[in-house]
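Let me begin by presenting the structure, written as structure tokens, before commenting on it.
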Amino acid sequence: MTRVLLLAAALALPASAAAALAAQSYPDAQARRLYDEGRFEACAAAYEKLAAAAPRDAALQYNLGNALFKSGRLGRATASYERAFTLNPRDSDARANLAFVLRRAGEDFVPPGIPPAVFWAFTALSERELAGLHWLSAWACLLLLSAFTLAGERRRGTRAPWTAAAAAAWCVFGLWWMGLRAVLPPDRGVVVSSRGELRHGPGPNFGVAFTVPEGRRVRVMGASGAWLEVGVLKEGARGWIEAASVERL
Amino acid sequence: MRAVAFAAVLLAAAAPSRAAVSITAALSHSEVSLDEQLVLSVTVSGDRASLPQPKLPPLDGFSVYDSGRNQSLSFVNGRMTSSVIYTFVLVPRAAGKFRIPPIAADGAPAPTDEMIVEVSPAGGAPAAPRGTASDSRSGRGGPAPAAAPARRRAREVFVVATLDKARAFVNEQVTLSVRFYSAVQLVGDLRYDAPSMTGFLTEDLPPVRNGTASVDGRAYQYSEIKVAVFPVQPGRLTIGPATVRCQIARMAAPGVDDFFDRFFSMGTPQPVAVDSPPLTLQVDPLPEGKPADFSGVVGSLSARVAADRTEIKAGDAVTLTVTVAGRGNLKTIPEPQKPDLPALRFFTTESSMSLDKAEDRVGGAKIFRTVVVPRVSGEVRVPGFSFPYYDAQRRRYARAETDGILLRVAPGEGKGAAAAPSAPTAPELTVIADDIRYLKISPTHAFPSAALAAVADLGALHFLPFAALAFASILAWRRRRAASDPSGNRFREALSRAEARLAQASDLAGGDAARAVALIDDTLADFVADKLDAPAAGLTLKSALDGLKALPQPPSAETIERLRAVWEEADLRRFAPGAVGGDARSFAEAARAVLAALDAEVRR
């Protein structure tokens, strides 16, 4: 038992150091002042600089989304809220604003037919958090299994439950991680042009198959030159769109 | 006198009498696209002046605008007939086939027949009938060629109909003038039959103008009626002949000298009917780029808005008056769109209309009144209202826009308390606006998100636990194998154990050479004993060599001899120190080389 706790502590050490580094000062006072004054374009530019310097800061991505939405750029705002949600999925503000802009784009944040509570629970952990839990449980499972393998008959009885629990956690988090990647694939993008045209092929020589409203989420499935092959997540339709019309997440 | 009679015929109303009433209805066309409109003309006729109004049933698929009515009266031989044409503009709201149900009127024995209208999507095929519009605009604005007087009865009476322009846009006003000339004395009543104007909305332009004019050197008196017509469909449209029926007093025939003959013959009236030839008008469709809320008004508009007060309390009502004024067929202007503002509640809009026909141009003002109740306190801005129209002079779409109105709203007085509901009800939230949430003013907590992310980012280090498991598995396998085959394990591990002891002997060689040599001597015996799976105690050189030779794969003779030499030297160094030169460390190395060769050659 003591060894297991020591193992967990050792694994959490580098993570704690990373967390301490992230808890730095929050230099967005000027951008916030611009937002309060209604100068949303300038505010968005300020937050873009801040977000570029700290791309893993969920709050900056959220604030950037607010500034972009207020300046009328629905698609780019959606992309920023998506990033904020991906980085910190338990932030109710990020969820609310993402759901708000997705409604504007004609998409539901909670997929139809899924109870909101279930969806909340399923997405309560980010993909990176699930990846971390998956690897933590994998480390624990494998090290306990190594110890179990080397242990004598006497000690195997006490180590078996811990090893089984770690293996179960590894399976659960692994499946959860894969499921989340299926529902919210990492190669997502957001349509940022006001009227995205999806064509039958990569170029203007191919006819327009359909149009996609700004702010819709798409999955990037391929690329050819300056064109991307995307699938619209809601309708499942597929086509080619200019790469400049899609902001990849 | 003739003019007075003519006007009286047109405008006077007669006493009702017993007679049948009939009702008919006609559509300007039966196929229309979504961005067009059509005209429903309902004619109620009978032999009395006061005719019933048609009962227009609900028309699914259309927005209906009342475009006015035209009444005509005629007296023939003392019998009056009257007809009223009610004109409605139908604006389709959706594509598909729609039914115009039968339209009835009080007193009419039968309603009209049912009609079907097919509405195609916007931009679809134009409705039939359609004329071919010319691309040339050279004729626009100029008057249509004056029609030649028709059936001029020796130029005594004739009718001329003219249009003030030969080409117009859909819904643009064109003025039709019908002038009746007379150079003789008329007897009795006049009857004026207005021209048929299918495809037009009409608006009378009173009064009847009277005057004198000289035509071909002959003096005439004339009466003129003007009508504003608004074409509702593109193409070449035809205005039918305008007919005037009158009676001319005949003078006595030449050569009649008798006074009585002349007296009786001059009073004999002779009925005459004169009409104008049909007119055509080239109607062009409105250009592309119509605003989405365009209602079809062609002309010029201005708009203004006023509130009866601007400083109120929440929950109090404000009356907004939106006035749209200008030239054009204002009847088709729909009520302004109410902005979707959660802070304001808009109530039903009422509209009224005042027509202005100055200078024979139809216009006026349409006034919309709506009641607005602010729901929240503070400064609430009512956005401006906008009315699109097509400016035919400048040939572009334009908008008449009002300014916004700023309401200063004080907190309300909680009128709900005065209502005193019978059962207590919990107050509810009133959603005022749906918007995004405010900025984050502090960073979100990164732990354990960042901690877990750091673990996820370890990359290749995730190989370590797999390697540890593999190592542990190999170690455990070796342990199990050693436990299950002790002699085999002894045979396989003989060299590694011997090397470890020889290394120990090398370390001892510098300080305690005797112990080092003894250790080497024992190592040689132990190694061979391990290989032969025999006890080391009592193992002699001879028995060792015999045992090795007896193995299934014995070592070579050379190796046997090397082992013998090393073994004997070890015994000599151990039991007769000083008999052999050289240090113990190099001897240990030599022994290790012999044992390695032996280990490589022997197999169980």
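Every number here is computed from the coordinates shown, using simple stated rules; none is lab data. Keep in mind it's a predicted model, so treat the numbers as computed, not measured. Here the Cβ positions follow ideal geometry from the backbone for every residue, glycine too, while neighbour counts run over all protein chains shown.
Descriptive notes on the structure:
- GNM top mover of A:Ala169, A:Ala53, A:Ala131 - chain A, alpha-carbon springs below 10 Å: A:Ala53
- Per-residue [θ]222 nm for chain A (sum of -39500 (n - 2.57) over DSSP H runs n ≥ 4, rounded to 500): -19500 deg cm²/dmol
- Placed amide H near B:Asp356: partners under 5 Å, 5+ positions off or other chain: B:Gly363, B:Gly364, B:Ala365
- Segment B:Asp546..B:Ala593, full-extension length gain: 14.8 nm, with 0.36 nm per residue of separation and the alpha-carbon distance subtracted.
- For a label point 7 Å along the Cα-to-beta-carbon line of A:Ile114, residues of segment A:122-139 with backbone N under 12 Å: A:122-125
- Taking A:Leu198, A:Leu143, A:Leu130 in turn, the Gaussian network model of chain A (Cα-Cα springs below 10 Å) assigns the largest fluctuation to A:Leu143.
- Phi angles across segment B:344-359 convert, under the Karplus curve 6.51 cos²θ - 1.76 cosθ + 1.60 with θ = phi - 60°, into 3J(HN,Hα) values of 10, 10, 9, 10, 4, 9, 10, 10, 9, 9, 10, 8, 10, 10, 5, 6 Hz, Gly and Pro given as x.
- Between 0 and 90°, nearest 10: helix A:40-53 axis offset from chain A longest Cα axis: 30 degrees
- Reachable aspartates and glutamates from B:Lys440, criterion Cα separation under 20 angstrom, eight or more residues apart if same chain: A:Asp28, A:Asp36, A:Glu37, A:Glu41, A:Glu48, A:Asp57, A:Glu82, A:Asp91, A:Asp93
- By the count of neighbouring beta-carbon atoms within 10 Å, fewest first, B:Asp526, B:Asp284, B:Asp434 end up ordered B:Asp434, B:Asp526, B:Asp284.
- In this structure, the amide hydrogen of B:Leu344, modeled 1.01 Å from its nitrogen in the peptide plane, lies closer than 5 angstrom to those of B:Arg375, counting only residues at least 5 positions away or on a different chain.
- Close amide H pairs (under 5 Å, H built 1.01 Å from N) link B:Ile100 with B:Met115, B:Ile116, B:Val117, residues at least 5 positions away or on another chain.
- Computed extension gain for B:Ala94 through B:Ala557, at 0.36 nm per residue and net of the alpha carbon distance, reaches 155.7 nm.
- For segment B:91-101, putting each phi into the Karplus relation 6.51 cos²θ - 1.76 cosθ + 1.60 with θ = phi - 60° gives couplings of 10, x, 9, 8, 7, x, 9, 10, 9, 9, x Hz, in residue order, rounded to whole numbers and with x for Gly and Pro.
- Theoretical gain in end-to-end length, B:Thr238 to B:Glu359 [0.36 nm per residue, Cα-Cα removed]: 41.1 nm
- Straight-distance crosslink candidates among aspartates and glutamates, where the alpha carbon sits under 19 Å from B:Lys313 and sequence neighbours closer than 8 are dropped: B:Glu379, B:Glu413
- Placing dummy labels 7 Å off each Cα toward the beta-carbon, the span from B:Ser196 to A:Ala160 is 10.4 nm.
- Per residue, the convex hull spanned by the Cα atoms of segment B:208-250 amounts to 142 cubic angstrom.
- Approximating the spin labels as points 7 Å out from Cα along Cα→Cβ, the B:Phe463-to-A:Arg248 distance works out to 2.7 nm.
- Taking every alpha-carbon pair under 8 Å whose residues sit at least 6 apart, segment A:188-248 reaches a relative contact order of 39 percent.
- Fewest-first ranking of A:Thr123, B:Thr332, B:Thr280, using other Cβ atoms within 10 Å as the exposure measure: B:Thr280, A:Thr123, B:Thr332
- Degrees between helix A:92-104 axis and first principal axis of chain A (Cα, 0 to 90, nearest 10): 40 degrees
- Once Rg and the Kirkwood radius are both taken over the C-alpha atoms of segment A:188-248, their ratio Rg/Rh works out to 0.90.
- Links that overshoot a 22 Å alpha carbon limit, given the list B:Lys290/B:Lys331; A:Lys234/B:Lys338; B:Lys165/B:Lys366; B:Lys55/B:Lys338: A:Lys234/B:Lys338; B:Lys165/B:Lys366; B:Lys55/B:Lys338
- Likely footprinting exposure, B:Lys366, B:Lys542, B:Lys331, fewest C-beta neighbours within 10 Å first: B:Lys542, B:Lys331, B:Lys366
- Modelled spin labels at B:Ile441 and B:Ile116, positioned 7 Å past Cα toward Cβ, are 6.8 nm from each other.
- Placing R0 at 41 angstrom, the Cβ-Cβ distance between A:Val208 and B:Val371 gives a FRET efficiency of 0.30 after rounding to 0.05.
- Coupling constants for segment B:214-230 follow from the phi torsions by the Karplus curve (6.51 cos²θ - 1.76 cosθ + 1.60, θ = phi - 60°), and in residue order they are 10, 10, 6, x, 10, 7, 10, 9, 9, 10, 10, 10, 10, 9, 8, 10, 10 Hz; glycine and proline get x.
- GNM on chain A, alpha-carbon springs under 10 angstrom: the most fluctuating residue among A:Asn66, A:Asn97, A:Asn205 is A:Asn205.
- Between 0 and 90°, nearest 10: helix A:153-183 axis offset from chain A longest Cα axis: 10 degrees
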